[in-house]
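The values are calculated or read from the model by the stated rules, or taken from the named source; none is laboratory data. Keep in mind it's a predicted model, so treat the numbers as computed, not measured. Here the Cβ positions follow ideal geometry from the backbone for every residue, glycine too, while neighbour counts run over all protein chains shown.
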Amino acid sequence: MPRQLAGQVAVTSPGWHEATVGSELAGYLRILQLAGRSQPYPWSVRGFSPREIDRLAPRDTLHPWARHLGRTGPPRYLSPRVSFLRPEARIIYNTPFPWAHGDGVAWAGVGPTTVARAGVQARFGPLSLTLAPIAFQAENDAFVLMDNGQDGDRRFASALSTEIDLPQRFGDRPYARLDPGQSTVRLDLPLVAAGISTATQVWGPGLSQPLVLGDAGPGFPHVFIGTSVPLNLWIVRVHGRLMVGRLEQSAYSPTPADSGDRLAAGFVATVSPRWTPGLEIGVTRFYHQRWPAVGARLDDLLLPFQGLFLSDAYWLRKYDPSSPDYTPENQLASVFARWVFPRSGGEVFGEFLRDDRNHDTRDLIAEPDQQSAFVVGFQKLLRCAPTSYAVLRGELVSNRITYLGLLRIQPRLYTHTALYQGHTHRGIALGSAFAAVGGTGGTIALDVYRPDGRWTVEGTRVARHAVADPYGVPLSRADAAYALRAERLVFRGGWEFLAAATAILDLQRNFRDDGFSLRLDLGTRLALRGSP
């Protein structure tokens with residue numbers, strides 16, 4: 001039961017009202033939709049607000065995690081409430097080379113990496129405040145790097161492209177950071193929501209590899225405005241968000257530190273047709289621009305609504321250093337769809353992304369796959385019982401440099417010759433980690449949810465392809481890594497314990513010799529007093 005503080009402020013358990021729906025709980029809520037235990041809802045505009053989490057709470061307790069997550073009853077919006085987020089600690093150990101697995105803002109190098117997070121949420125009516133910082137320290141032991149032809153600190157930079165801030169290693173000393181993490185202050189009115197946040201955003205339907213923004217990458221400071229819930233326009237329901245924020249670079253970026261910050265502006269929107277239940281169709285657009293001398297302005301929210309084509313006149317005005325309007329920029333855009341079939345316990349989804357604009361309509365029609373990527377995937381409930389769910393899921397990402405490179409320059413995805421940091425923040429890709437390496441990747445996994453936790457077995461293949469010359473003609477050789485992960489999440493009282501082991505076989509690592517590595521994860525999370 002809640003404990004009362006002075007002034008009738010309730011201190012409640014996290015339960016379904018936990019402020020930040022991380023990838024674990026978000027994935028489970030999505031599966032509850034497949035099982036028909038949670039109402040249909042657009043999944044391609046995240047993170048969710050506290051009020052959205054209230055709406056997504058399961059309709060009954062006939063699901064495996066009902067006892068552990070609990071129910072806090074109908075929300076009382078006129079009563080002040082404070083919820084402590086469950087403190088969490090994790091240790092990641094990589095040897096002899098690093099392997100990422102949805103680590104977000106944390107970078108887990110070779111050797112041990114410790115991660116800790118905690119926080120608190122306060123809610124009063126439509127106003128909510130979440131403070132959820134994260135701290136990590138990577139011992140960052142040495143490993144063999146791919147030679148990029150540079151020396152000093154620049155030897156740690158990417159060897160695949162000089163046009164992206166994606167370091168192979170963050171220096172030769174322990175690397176630590178305290179980050180605001182999933183912190184947000186927001187106002188949710190009946191139709192409109194607005195706020196300031198550093199939390200991770202997930203745009204698009206991908207499970208672990210959304211192409212524009214995903215929770216495997218870091219959050220960044222931004223302001224946003226959008227719909228608080230999908231708007232019912234009778235024929236369709238519309239849901240969306242506009243945001244503008246600030247991106248930073250790492251110490252190993254190809255861009256000088258005094259010109260490293262960028263302005264990021266974007267939008268994501270979905271429509272759900274009335275006569276096709278479970279279907280959501282959407283579009284995203286994301287702009288990078290050198291940080292303006294006058295700082296961000298309110299009208300920067302409209303940057304993503306610029307024209308789709310890059311005319312010669314526009315190019316000379318924006319990209320010529322001698323022009324008074326010189327403002328290097330880059331943009332990404334995607335279209336996506338997701339269709340859920342609760343009666344059969346399945347869903348399918350896909351997303352197609354283009355990086356940079358076309359010269360004109362003819363250019364778009366002739367070469368639609370220029371500097372592009374796509375993701376397709378599915379989930380299927382194999383078993384659906386009150387005490388056990390078994391879910392098969394798969395996802396495929398492709399970002400191979402196509403043979404259009406025989407005709408014209410085709411750089412890697414997330415890179416641009418005017419903004420050398422690429423689609424990154426502090427040296428970590430904002431979108432798909434698979435797409436960022438310039439190749440293809442796929443995952444197939446089986447998750448089994450039970451009242452005492454979850455079992456997962458997951459197989460992954462990621463291949464990055466070498467480039468023969470500046471025109472992007474792909475070579476036949478590839479660096480292909482195969483990973484097998486076994487993971488166990490256990491509930492014991494108010495505690496959660498996680499243990500995972502990942503074995504990685506990398507064929508032609510860095511396009512040279514084969515390599516084998518092992519990643520170990522150990523973590524725990526505590527539900528505070530009053531939690532279910």
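Data overview
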item: Subset of region 86-102 that is surrounded by fewer than 22 Cβ atoms within 10 Å (Cβ to Cβ) and either among the aliphatic types (A, V, I, L, M) or out of contact with any Ser or Thr (no Cβ under 8 Å at 6 or more places or on another chain) (or both) - its residue that is nearest to ALA500 (Cα to Cα); result: ILE91
item: Residue within region 293-300 that is surrounded by 14 or more Cβ atoms within 10 Å (Cβ to Cβ) and at pLDDT 75 or above present; result: yes
item: Failed item in (1) hydroxyl-bearing (Ser, Thr, Tyr); (2) more than 28 Å from ASN399 (Cβ to Cβ); (3) surrounded by fewer than 20 Cβ atoms within 10 Å (Cβ to Cβ), with THR162 passing the rest; result: (2)
item: Test: residue in region 160-169 that is touching an Asp or Glu at 6+ places or on another chain (Cβ under 9 Å), farther than 19 Å from ARG123 by Cα and touching a residue at least 24 places away in the same chain (Cβ under 8 Å); result: no
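To keep it simple, each residue is scored yes or no on (1) modelled with pLDDT under 90; (2) not in a loop (DSSP other than H, G, I, E, B).
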position	(1), (2)
LEU129	no, yes
GLN137	no, yes
ALA159	yes, no
GLU163	yes, no
PHE170	no, no
ARG173	no, no
ARG186	no, yes
